[in-house]
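What follows is one structure encoded as structure tokens, with my remarks underneath.
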Amino acid sequence: MIRPLTAVLAAALCAACSHGGQPVRADAPDEGALYGTRAPFAAHSVYFVVTDRFVNGDPANDQRDQGGAHRTFDIPVRCEDGIDGNIGYLGGDFRGVLDNAGYIRDMGFGAVWITPIVANPDEAFTGGDPISCGSTLTDRGKTGYHGYWGTNFYQVDEHLPSADLDFRAFTDGLRAAGLKTVLDIVGNHGSPAWTMPVAQPGFGQIFDAEGRLIADHQNLPPQQLDPGGNPLHAFYNTTGPVDAETGSIFDGNLAQLADFDADNPAVFDYLAGAYEHWIGQGANAFRIDTIAWMPHAFWKRFADRIRTERPDFFMFGEAFDYDAAKIAEHTWAANGGISVLDFPMKQAMDEVFAGGAGFERLAPSLHLERGPYANPYELTTFYDNHDMPRMDATDAGFIDAHNWLFTARGIPVVYYGSETGFMRGRAEHAGNRAYYGQARVDAGVGTPIHAALTRIATLRRDTPALQRGLQLPLVLEGEHAAFYRVLDDGGVRQTALVLLNKGDAAWSATLDAAQIADGDWRDALGAGSISVDGAASLDVPAHGVRVLLRDDVTIPAALRDRLQTLMARRLGGPDME
């Protein structure tokens with residue numbers, strides 16, 4: 001039973017608000033328009049792969065003999081429970097992703113986020129701290145299989161392309177399959193740069209587009225660099241390692257990585273030029289690694305340069321923080337207007353779908369009215385990734401999580417393997433980034449999590465209101481959620497009513513005349529239509545979802561003012577204060 005409307009809205013909607021009071025400057029959309037975002041990229045949900053760990057489509061590029069005494073292929077990290085990690089290359093490549101473009105598209109995704117493609121060192125790192133099954137920010141013996149240790153930002157790493165498949169052909173192939181390419185980029189750092197017993201080739205070095213050495217850390221700690229006296233040091237900061245006792249995590253160098261000097265114009269020109277090159281090769285959007293480790297002014301200049309030629313180019317950053325007020329700063333126009341991964345929502349989703357909390361736990365992370373974000377509808381939403389333990393949920397928990405992820409506000413991102421509950425609960429060196437492989441891809445089709453994900457992701461792909469519509473909560477409480485997504489913009493008019501049940505028993509949801517309008521509604525995931533006359537009683541199966549659709553904007557009178565308020569107050573941050 002849905003509780004009386006006034007009580008529900010007072011609880012759920014106020015929990016989703018962030019800033020009280022009236023805005024000084026009102027948003028000014030087209031008169032009468034209703035939408036959360038007009039960003040073209042919002043139409044797509046994103047499938048995220050660590051490219052080396054997805055599928056080995058071309059064994060000819062494995063480089064299995066690379067590295068000599070510091071080999072790079074297949075380096076296990078032993079775990080006591082027998083489920084091991086691996087810090088070597090395992091063969092995943094462009095061919096493996098492209099061969100499975102149809103698999104990704106057929107799940108309902110519209111974009112593929114791949115890890116960085118740039119050249120990385122050709123040996124395993126001998127410095128840093130030893131790696132164990134549960135360690136983080138430890139790199140001794142690790143390779144650059146993940147792509148985040150760039151040495152030449154203009155060159156594709158040799159493990160990824162095939163003789164007939166360079167990056168341009170790869171993006172062309174994805175586009176032909178109906179998929180956008182989201183390229184992971186790094187601005188903060190290059191490869192590990194010091195603590196090696198003997199300096200290793202590539203580590204702490206940067207090469208230009210012609211292959212010339214332009215920067216070299218020379219195996220020196222940052223404090224011993226001499227940017228004024230040695231031109232090869234000028235690319236780097238001289239700040240020492242992070243010291244949690246004297247500063248925040250962002251005040252120092254991270255894990256011996258070569259830390260770029262954001263104030264050096266040569267650094268900016270090198271990186272911006274490199275990433276413009278990859279846009280020219282077909283990259284459709286960027287995910288920005290460690291965005292919070294570089295100053296806002298750098299990213300503002302970067303975003304302005306990219307969007308001068310491509311105004312709608314979508315970018316989202318990784319600011320690993322569960323405080324919305326902190327990560328929201330990146331979304332503000334003054335700081336580049338770059339979206340971010342929604343870490344606060346991730347934290348809430350983990351508690352709700354793996355930890356047993358009720359739907360009310362999600363409400364404070366929505367920020368639907370004058371929140372800290374420039375636009376909450378453009379956040380990229382997720383529940384786990386490659387830098388944290390995978391969500392440790394039951395099959396039903398994954399299904400419930402996907403039902404929320406693909407119907408609530410934001411742009412959904414799903415980590416490879418989560419469509420089958422792969423390596424659930426495992427951390428980075430304990431199997432989080434384990435090799436998936438073609439056999440698992442083929443065997444996973446039609447399994448419970450995969451089938452339910454495909455159903456709801458395909459619905460979002462085909463339903464504009466779920467992509468861009470305003471979200472108007474009716475109830476977020478316990479095992480049940482009910483909300484509208486409403487869109488009236490650019491000639492597209494659509495209303496979606498979403499009912500979610502994460503309980504083990506079926507839910508009979510009763511909506512009165514103040515909550516649902518009379519008329520015929522399409523049962524988007526069922527068959528036929530539902531006729532409403534004064535009220536409706538809708539059965540939602542255990543761990544299920546119901547979505548009712550109308551190709552118009554039909555909201556009961558009791559909700560119309562709320563909908564207009566949500567439209568007027570959907571944007572946030574200092575630009576709206």
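The values are calculated or read from the model by the stated rules, or taken from the named source; none is laboratory data. Computed from a predicted structure; not experimentally measured. Using ideal geometry, Cβ is built from the backbone for each residue, glycine included, and neighbour counts are taken over all protein chains shown. Ligands, DNA and RNA are excluded from the accessible area calculation, which covers all protein heavy atoms including side chains. Shrake-Rupley method; radii C 1.70, N 1.55, O 1.52, S 1.80 Å.
Scan region 118-143 for residues that are over 20 Å from Asp52 (Cα atoms) and in contact with an Asp or Glu (Cβ under 6 Å, 6 or more places away or on another chain) and the total you get is 1.
Per-residue answers, yes or no, for (1) modelled with pLDDT of 95 or more; (2) out of contact with any Asp or Glu (no Cβ under 6 Å at 6 or more places or on another chain); (3) under 18 Å from Phe483 (Cβ atoms):
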{"position": "Asp350", "(1), (2), (3)": "yes, yes, no"}
{"position": "Glu360", "(1), (2), (3)": "yes, no, yes"}
{"position": "Glu369", "(1), (2), (3)": "yes, yes, yes"}
{"position": "Gly397", "(1), (2), (3)": "yes, yes, no"}
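Each row is one residue, and each column tells you yes or no for (1) among the polar types (S, T, N, Q); (2) within 19 Å of Leu34 (Cα to Cα); (3) in contact with a Lys or Arg (Cβ under 9 Å, 6 or more places away or on another chain).
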residue: Tyr484; (1), (2), (3): no, yes, no
residue: Gly491; (1), (2), (3): no, yes, no
residue: Asp504; (1), (2), (3): no, no, no
residue: Ser508; (1), (2), (3): yes, no, no
residue: Leu511; (1), (2), (3): no, no, no
residue: Asp520; (1), (2), (3): no, no, yes
residue: Gly526; (1), (2), (3): no, no, yes
residue: Gly534; (1), (2), (3): no, no, no
residue: Leu538; (1), (2), (3): no, no, yes
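Tallying residues that are of a type outside the set (D, E, K, R) and open to solvent by 10 Å² or more (accessible area, probe 1.4 Å) within region 431-461 yields 15. Residues in region 207-232 that are surrounded by 24 or more Cβ atoms within 10 Å (Cβ to Cβ) and outside any loop (DSSP other than H, G, I, E, B): Ala215 alone. Note on region 197-206: residues that are open to solvent by less than 10 Å² (accessible area, probe 1.4 Å) and either more than 14 Å from Gly144 (Cβ to Cβ) or among the β-branched types (Val, Ile, Thr) (or both) amount to 1. Filter region 549-563 for residues that are open to solvent by 30 Å² or more (accessible area, probe 1.4 Å) and touching a residue at least 60 places away in the same chain (Cβ under 8 Å) and give the result. Once the filter is applied, which keeps residues that are open to solvent by 30 Å² or more (accessible area, probe 1.4 Å) and touching a residue at least 60 places away in the same chain (Cβ under 8 Å), region 549-563 yields Val553, Ala558, Arg562.
Where residues in region 278-304 are assigned to a strand (DSSP E or B) and among the aliphatic types (A, V, I, L, M), which of them is surrounded by the fewest Cβ atoms within 10 Å (Cβ to Cβ)? Selected residue: Ala285.
Please determine whether any residue of region 246-256 is among the polar types (S, T, N, Q), at pLDDT 95 or above and surrounded by 15 or more Cβ atoms within 10 Å (Cβ to Cβ). So far as region 246-256 goes, no, none of its residues is among the polar types (S, T, N, Q), at pLDDT 95 or above and surrounded by 15 or more Cβ atoms within 10 Å (Cβ to Cβ).
For region 406-429, the set of residues classified as touching a Phe, Trp or Tyr at 6+ places or on another chain (Cβ under 7 Å) and free of Cβ contacts under 8 Å to residues at least 60 places away in the same chain consists of Gly417, Ser418, Gly421, Phe422, listed by residue number.
For region 562-571, the criterion of a residue being under 29 Å from Leu379 (Cα atoms), among the polar types (S, T, N, Q) and in a helix (DSSP H, G or I) is satisfied by at least one position. Among the residues examined, Asp166 qualifies as at pLDDT 95 or above, of a type in the set (Asp, Glu), surrounded by fewer than 24 Cβ atoms within 10 Å (Cβ to Cβ) and over 24 Å from the mean Cα position of the chain (by Cα). Yes or no: Pro192 buried (at least 18 other Cβ atoms within 10 Å of the Cβ) and at pLDDT 95 or above? Yes; evaluated as a whole, the condition is true for this residue. All of (1) open to solvent by 20 Å² or more (accessible area, probe 1.4 Å); (2) touching a Pro at 6+ places or on another chain (Cβ under 8 Å); (3) closer than 20 Å to Phe207 by Cα hold for Tyr154 with one exception: (2). Within region 472-501, restricting attention to residues that are under 18 Å from Arg550 (Cα atoms) and of a type in the set (Asp, Glu), the residue that is most open to solvent (accessible area, probe 1.4 Å) is Asp488.
Looking across region 342-387, the residues that are without any contact (Cβ under 8 Å) to a residue 40 or more places away in the chain and farther than 20 Å from Leu466 by Cβ come down to Phe343, Pro344, Gln347, Glu351, Gly355, Gly356, Ala357, Arg361, Asp384.
Rundown of residues vs (1) farther than 20 Å from Met423 by Cα; (2) open to solvent by 10 Å² or more (accessible area, probe 1.4 Å); (3) without any contact (Cβ under 8 Å) to a residue 60 or more places away in the chain; (4) in contact with a strand residue (DSSP E or B) (Cβ under 8 Å, 6 or more places away or on another chain), yes/no style:
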{"site": "Arg64", "(1), (2), (3), (4)": "yes, yes, yes, yes"}
{"site": "Ile75", "(1), (2), (3), (4)": "no, yes, no, yes"}
{"site": "Ile83", "(1), (2), (3), (4)": "no, yes, no, no"}
{"site": "Gly88", "(1), (2), (3), (4)": "no, no, yes, yes"}
{"site": "Asp93", "(1), (2), (3), (4)": "yes, no, no, yes"}
{"site": "Gly102", "(1), (2), (3), (4)": "yes, yes, no, no"}
{"site": "Arg105", "(1), (2), (3), (4)": "yes, yes, no, no"}
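Report yes if Arg424 is among the charged types (D, E, K, R), under 27 Å from Ser132 (Cα atoms), in a loop (DSSP other than H, G, I, E, B) and at pLDDT 95 or above, otherwise no. It is true that Arg424 is among the charged types (D, E, K, R), under 27 Å from Ser132 (Cα atoms), in a loop (DSSP other than H, G, I, E, B) and at pLDDT 95 or above. Of all residues being over 19 Å from the mean Cα position of the chain (by Cα) and within 25 Å of Arg307 (Cβ to Cβ) in region 321-369, which is most open to solvent (accessible area, probe 1.4 Å)? Just the residue, please. Checking each candidate, the answer is Ala334.
All conditions in (1) surrounded by fewer than 23 Cβ atoms within 10 Å (Cβ to Cβ); (2) of a type outside the set (A, V, I, L, M, F, W, C); (3) over 17 Å from Leu500 (Cα atoms) hold for Tyr377, with the sole exception of (1). Could you please let me know if Asp504 is under 23 Å from the mean Cα position of the chain (by Cα) and open to solvent by 40 Å² or more (accessible area, probe 1.4 Å)? Considered against the rule, which asks whether it is under 23 Å from the mean Cα position of the chain (by Cα) and open to solvent by 40 Å² or more (accessible area, probe 1.4 Å), Asp504 comes out as no. Considering only residues that are within 17 Å of Phe286 (Cβ to Cβ) and in contact with a Phe, Trp or Tyr (Cβ under 9 Å, 6 or more places away or on another chain), look in region 172-182 and name the one that is most open to solvent (accessible area, probe 1.4 Å). My answer is Lys180.
Residues that are over 16 Å from Tyr145 (Cβ atoms) and not in a loop (DSSP other than H, G, I, E, B) within region 59-94 comprise Ala60, Gly68, Ala69, listed in sequence order.
Within region 305-323, the set of residues being modelled with pLDDT of 95 or more and either within 16 Å of Trp278 (Cα to Cα) or in a helix (DSSP H, G or I) (or both) comprises Arg305, Ile306, Arg307, Thr308, Arg310, Phe313, Phe314, Met315. Residue count for region 330-341 under the criterion of being in a helix (DSSP H, G or I), touching a residue at least 60 places away in the same chain (Cβ under 8 Å) and over 26 Å from Phe109 (Cα atoms): the result is 2.
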